[in-house]
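Visitor: This is the structure I have questions about; it appears just below.
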Amino acid sequence: MSKTFLETSQLRIGLFVHLDMPWMDHPFLTSSFKIRTQKQLDALRQLRLAKIRIDPGRSDPPAAGSSPAKDAEAVAEEPPLIEEMREHLAEALWEEKRQRIEALKQRRSRLNQCSKRYTKSVGSARKLMSQLRSSPMQAVEAASDLVTQMVDDLTADCEATVQLVNLKHQDENSYYHCVNVAALAMVIGQQLSLDKSQLRLLGMGALFHDLGHQKIPTQILLKKEAFNSPERKFYEQHPRYGVEIARNLSALPKPVVEIIARHHEHLDGSGFPEGVKGGDIGMLTRIVTVVNRYDNLCNGFGADRGMSPHQAISHMYTSERQCYDAKVLTTFITNLGVYPPGTVVQLSDERVALVVTINPQDLLKPNVLVYSPEIPQEEALILDLAEEEVGIRESLHRTDLTQDQIEYLNLSDKLSYYFQSSGRR
C-alpha cells in the first residue's frame, strides 16, 4: 500500500489521511479516514502538524484545475478572521467528539446490560435442564418462570430488537442454543402479534425443543463432519425421543409438545421425523423451525455449522424457503436484517466492523462495532451507520480476518442473541 506525506497546507477534501498521534490528541473519531468536509480539513490544519501521512490509493483524484501549490497559496493568503473561524470550527469538532464518546459509553452500557440478562437466562436454563430427571415438575416450573420473565422484558417495549451478545469461550452445550432460539422466536412472535400467553407457550417450546438430544450420544451431537447414514437416522429420531421425555412432564402444554415433535418438519413435507406438511404444522412450531435452522447453520451440530449470519440468512432464503412459512421467514429476515447481528462486514471506507444490532428503519445501515487498532478495545467505536457517511461494501467470513481483528472484535466461536429496546439503543 503506497503512502506518502503532505504538508497540512496541501491537504484537500478527498484525501485519505493517517494521523500518527494518540487518539485522544485529535478531534476525530478515528485516526485514519477520508477527508469529506471543509470542517474536517480546517480541523486537520489546526493540529499544527508539519506533515500528515496520506494513502494515495484510497484517496479521490484532485478536482480539475486544482494543484497542491494553488491550495497552499490560498491557505497562506487567508486573513486572520478565517483563521479564527477555523479555530471555532475545530472546537466544535472536539465537542462533537466528546458527545459521541459519551453516547458510545451509554450504548456500550446497554449492550453490557443485555449480555448480563442473556448470561443469567443461560444460567437458569442450565439449572432447570439439570433438574429434569430428578425433579421434572420443579424444572417445568423454573422454565415457566424464566419464559415469563423473558416475555415481560420483551413486551415492556413494543419495538424490541435483536442484539448480538458476544461472549468469549462458550462451551459446546445446548443451553446457549435453547436460549438463542427462545429469544429469537419470541421477538418474531411479538412481530407476528402473538399475545402474552402465546409468547409464553412459544418460549417454553423453544426452551425444550431439543429435549430429545438427551438420548443422542455426545459423539454424534458434537461431530464436526457430516453424519453417515446410521448417524443421520439416529439423530433424526430426537424429536420422537423428546416427545417420550415430555410425556413424563405432564405439566407441558400440548402446543409445547408439538414444537418438540415437529420443529424439524417442513411445509413441503421434506422434514423429519414424520415428513408431515402444511396444515399439520402449527404457527408456534413454524416460528421455532425457522429460528432453530438459522441458529444451527451458524452455531449448530454437524457439517452445516459455521456459516456467517449473512450466509445463513441467504442460504435459507435462496435454497430452502419452500420449507418454511413465508410470513414467518419474511418477518425473521426483516428483524435480523440483510446483515444480521454477528456479521463481519467491510465498510465502504475499507474499515472492518462487526454488526451488533440492526436499524429497523434501514436494514442496510445497522449498528456496527468498528475495528480501529489505534482506539483501546474497551472504547471501540459502535456506530449507527444511518448517521454516518459510510455504508457496507460486503460481508466477510471469520477466515477473512487477521488474529488481531478477531481478538479486537471479541469474536467467539458461537453467536448468541438476546433482545433490547430499539428505542434505547
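Visitor: If Ser270, Ser121 are ordered by their accessible area, calculated over protein heavy atoms with a 1.4 Å probe, which sequence runs from highest to lowest?
Guide: Result of the area sort, largest leading: Ser270, Ser121.
Visitor: How much mean residue ellipticity at 222 nm does the chain get from its helices, if each DSSP H run of length 4 or more adds -39500 (n - 2.57) and you divide by all residues, to the nearest 500 deg cm²/dmol?
Guide: -15000 deg cm²/dmol
Visitor: Considering only protein heavy atoms and a probe of 1.4 Å, how much of the accessible area of the chain is carbon and sulfur, as a whole percent?
Guide: Working: 9870 of 19490 Å².
Percent of accessible area from carbon and sulfur atoms in the chain: 51.
Visitor: Also: Provide the per-residue ³J(HN,Hα) series for the range 358-370, in order, calculated from phi with Karplus coefficients 6.51, -1.76, 1.60 and θ = phi - 60°, each as a whole number of Hz, with x at glycine and proline positions.
Guide: Per residue, the Karplus-derived 3J(HN,Hα) values read 8, 10, x, 7, 8, 5, 8, 10, x, 8, 10, 9, 9 Hz.
Visitor: Right, another one. Can you sort Arg393, Arg240 by 1.4 Å-probe accessible area, starting with the largest? It would help to have the intermediate numbers written out before the result.
Guide: Details: Arg393 125, Arg240 85 Å².
So the residues, ranked largest to smallest area, are Arg393, Arg240.
Visitor: Once both labels are modelled 7 Å past Cα along the beta-carbon direction, what's the Met24-Ser412 spacing in nm?
Guide: The two pseudo-label positions are separated by 3.0 nm.
Visitor: Tell me the trypsin sites (Lys or Arg not before Pro) within the range 172-232 that lie in a loop according to DSSP and have at most 16 other beta-carbon atoms within 10 Å. Spell out each step's value before the answer.
Guide: Working: sites: Lys196, Arg200, Lys215, Lys223, Lys224, Arg232; in loops: Lys223, Lys224.
Of the trypsin sites (Lys or Arg not before Pro), the ones in loops of the range 172-232 whose Cβ has at most 16 other Cβ atoms within 10 Å are Lys223, Lys224.
Visitor: Given that just one value was derived from the coordinates, which of (1) 87, 41, 35; (2) 81, 59, 40; (3) 80, 48, 39 is Cα extents along the principal axes in Å?
Guide: Correct label is (1).
Visitor: May I pose another question? List the residues, sorted by chain then number, that are 5 or more residues from Tyr324 or on another chain and whose placed amide H is less than 5 Å from its amide H.
Guide: Leu267
Visitor: Apply the a/c threshold of 1.5 to the C-alpha gyration tensor of the range 132-221 and tell me whether it is rounded, prolate or oblate.
Guide: Oblate shape, in that a/c is at least 1.5 and b/c is the bigger or equal ratio.
Visitor: Just to confirm, what accessible area per residue do you get for the chain at 1.4 Å probe, in whole Å²?
Guide: 46
Visitor: Is the range 248-318 rounded, prolate or oblate when judged by the Cα gyration tensor, a ≥ b ≥ c being the square roots of its eigenvalues, rounded requiring a/c under 1.5 and prolate requiring a/b larger than b/c?
Guide: Here the range 248-318 falls in the prolate category.
Visitor: What's the local net charge at Leu194, with K and R +1, D and E -1, over the other residues with C-beta under 14 Å away?
Guide: Values: positive: Lys196, Arg200, Arg286, Lys327; negative: Asp195, Asp325.
Charge balance near Leu194 sits at +2.
Visitor: Based on the Cβ-Cβ distance from Leu167 to Ser9, what FRET efficiency comes out when R0 is 35 Å, to the nearest 0.05?
Guide: 0.10
Visitor: Calculated FRET efficiency, Ser135 and Asp195, Cβ-Cβ r, R0 45 Å, to nearest 0.05?
Guide: Efficiency at R0 = 45 Å is approximately 0.90.
Visitor: Moving on to the next point. Placing +1 at every Lys and Arg Cβ and -1 at every Asp and Glu Cβ, with all other atoms neutral, what dipole size does the range 181-226 have around its Cα centre, in debye to the nearest 20? Write out the running numbers ahead of the final one.
Guide: Working: 5 positive and 3 negative charges, 20 e Å.
For this selection, approximately 100 debye.
Visitor: Order Glu350, Glu265 by their accessible area, 1.4 angstrom probe, all chains in place, largest first. Intermediate results must be reported in sequence, preceding the final value.
Guide: On the way: Glu350 75, Glu265 0 Å².
Correct descending sequence by accessible area is Glu350, Glu265.
Visitor: Tell me the accessible surface of Ile358 in square angstrom (1.4 angstrom probe, heavy atoms of protein chains only), to the nearest ten.
Guide: For Ile358, the solvent-accessible surface is approximately 10 Å².
The values are calculated or read from the model by the stated rules, or taken from the named source; none is laboratory data. Every value quoted in this text rests on a predicted model; they were computed, and no experiment measured them. Neighbour counts are summed over all protein chains in view; Cβ atoms, including those assigned to glycine, are modelled from backbone coordinates with ideal geometry. These accessible areas exclude ligands, DNA and RNA; they are computed on the full protein's heavy atoms, side chains included. Shrake-Rupley method; radii C 1.70, N 1.55, O 1.52, S 1.80 Å.
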